[in-house]
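Values in this text are rule-based calculations from the coordinates and carry no lab data. Given the structure is predicted, the values throughout are model-derived calculations rather than measurements. Cβ atoms come from the backbone with ideal geometry, glycine included; neighbour counts cover every protein chain shown.
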Amino acid sequence: MDNVVEIRDLHKVYRDGFDVHALRGVDLDVARGEFMTIAGPSGSGKTTLLNLLGGLDRPTEGRVFIEGQEVTAMSRSELADMRRRRLGFVFQSFNLIPVLTARENVEFALILRGVGAERRRALAQNVLEQVSLDEGMRERRPLDLSGGQQQRVAVARAIVGEPAVVLADEPTANLDTENALALLDLMERLNEERQATFIFSTHDPRVMERARRRVTLRDGEVVSDERVA
Ligand SMILES: Nc1ncnc2c1ncn2[C@@H]1O[C@H](COP(=O)(O)OP(=O)(O)OP(=O)(O)O)[C@@H](O)[C@H]1O
Ligand SMILES: [Mg+2]
C-alpha cells in the first residue's frame, strides 16, 4: 500500500487563556495520487489539520507521516527541508512575495531547492505555461495581476518542484466561478499527469463536486469519509 500521508490519533489543543480542542483524534491515510477535499463548518479544524500535515505547527498528541517519514519527530531544520522537497502549499491569501515578479516568485521555490539558474528559468517558464499565465504577465509583480492570475502563480510555485503532496487551504475562496473552475481543471490535470496528491480544505461546492474523496470534519473529528466512483 502506497500511502503518501498517514495521520494517527492527531490532537491539537490551542491554549491561549482557555483551551480550544481543535482536533480530537484524527486518523487518516491518503494514497498516492488522491484528489481529496476536507470540508466542514467554520472552526471544525480544517486549517489546523493542513498546518499539522505540512509541519507548519506541532500537534499536542499524535503522529503524522509523509512518505513514511515522521513529520512529528522532525527538528525545525528537518521540517524545513521536508517542506521544500516533498510539499507544495497554496494558501488562501496566495502569500506571493510582493517585490518579485510572477516568474521570480516561482523561481524562488527552486532557489530554495538549490536548482541552478538556467534550469530554474526553464522550469519556471514551463510551469507558468501550464497554468496558462501569458508571457506578458510573467514579468509583472503580484499587485499588478488579478486575483485569478495571482492564484495561478501561487499554484505554479507550489507545483514547480514536483512535490509529492500539494496542500491547499480554500484555494478557490477568492476566485469567481470562471477562475475557480479553471484552477480545478489545472489541478486535476496535474494530478493525472504527475500523480501529485492534492488535499484541499474547502467550503466551496464547486470544489467538493470535483473531488474523488471527501472527508468531513466536525468539531475536530472526522465524521465522514466518502469516495466517489
Ligand atoms: N492560533 C490559534 N489559537 C487559538 N485557537 C485557534 C487558533 N487557530 C485556530 N483556533 C481554533 O481552533 C478551532 C479550529 O480552527 P481552524 O482554523 O482549524 O478551523 P477551520 O475549519 O479552518 O475554519 P474556517 O472554515 O473558518 O477556516 C477553532 O475553534 C479556532 O477558533
Ligand atoms: Mg480555515
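Count neighbours as other Cβ atoms within 10 Å of each site's Cβ, and list the GluC sites (Glu not before Pro) in segment 69-129 that are DSSP loop with at most 16 such neighbours.
Nothing satisfies the criteria.
DSSP loop (so not H, G, I, E, B), at most 16 other Cβ within 10 Å: list which GluC sites (Glu not before Pro) in segment 134-229 pass both filters. List each step's numbers first, then the result.
Details: sites: Glu135, Glu139, Glu178, Glu188, Glu192, Glu193, Glu209, Glu221, Glu226; in loops: Glu139.
Answer by residue number: Glu139.
Measuring from label point to label point, each 7 Å out along Cα→Cβ, what is the Phe91 to Glu162 span in nm?
According to this spin-label approximation, the distance is 2.7 nm.
Along the charge dipole of segment 1-78, which of Val71, Leu53, Gly43 sits closest to the positive end, that is, farthest toward it, with unit charges on the beta carbon of Lys, Arg, Asp and Glu (+1, +1, -1, -1)?
The residue sitting farthest along the positive end of the dipole is Gly43.
I need Met187, Met36 ordered by Cβ neighbour count within 10 Å, fewest first. Numbers along the way, then the final one.
On the way: Met187 25, Met36 20.
The most exposed by this proxy come first: Met36, Met187.
State the antiparallel share, in %, of DSSP beta bridges confined to the chain, rounding to the nearest 5. Numbers along the way, then the final one.
On the way: 24 of 41 bridges.
In the chain, approximately 60 percent of DSSP beta bridges are antiparallel ones.
Over the chain, with a Gaussian network built from C-alpha contacts below 10 Å, which listed residue (Ile199, Ile111, Ile159) shows the highest mean-square fluctuation?
It is Ile111.
Would you give the gap between the C-alpha center of segment 71-86 and the C-alpha center of segment 4-33, rounded to a whole Å?
Going from one Cα centre to the other spans 18 Å.
Grab the beta carbon distance between Glu188 and Arg227, set R0 = 25 Å, and tell me the FRET efficiency rounded to 0.05.
0.95
Could you give the nm distance between label points at Arg121 and Gln195, where each point is 7 Å from its Cα heading toward the beta carbon?
3.3
Using only alpha carbon pairs under 8 Å that are at least six residues apart, calculate the relative contact order of segment 3-227 and give it in whole percent.
Working: 434 pairs, mean separation 68.0, N = 225.
Relative contact order of segment 3-227: 30 percent.
Quick one: which residues, 5+ away or cross-chain, put their amide H under 5 Å from the amide H of Arg218? H built at 1.01 Å from N.
Long-range HN contacts for Arg218: Val223.
So what J values fall out for segment 26-31 if you push phi through Karplus, 6.51 cos²θ - 1.76 cosθ + 1.60 with θ = phi - 60°, rounded to Hz, Gly and Pro as x?
Going residue by residue, I get 8, 10, 7, 10, 10, 7 Hz, with x marking Gly and Pro.
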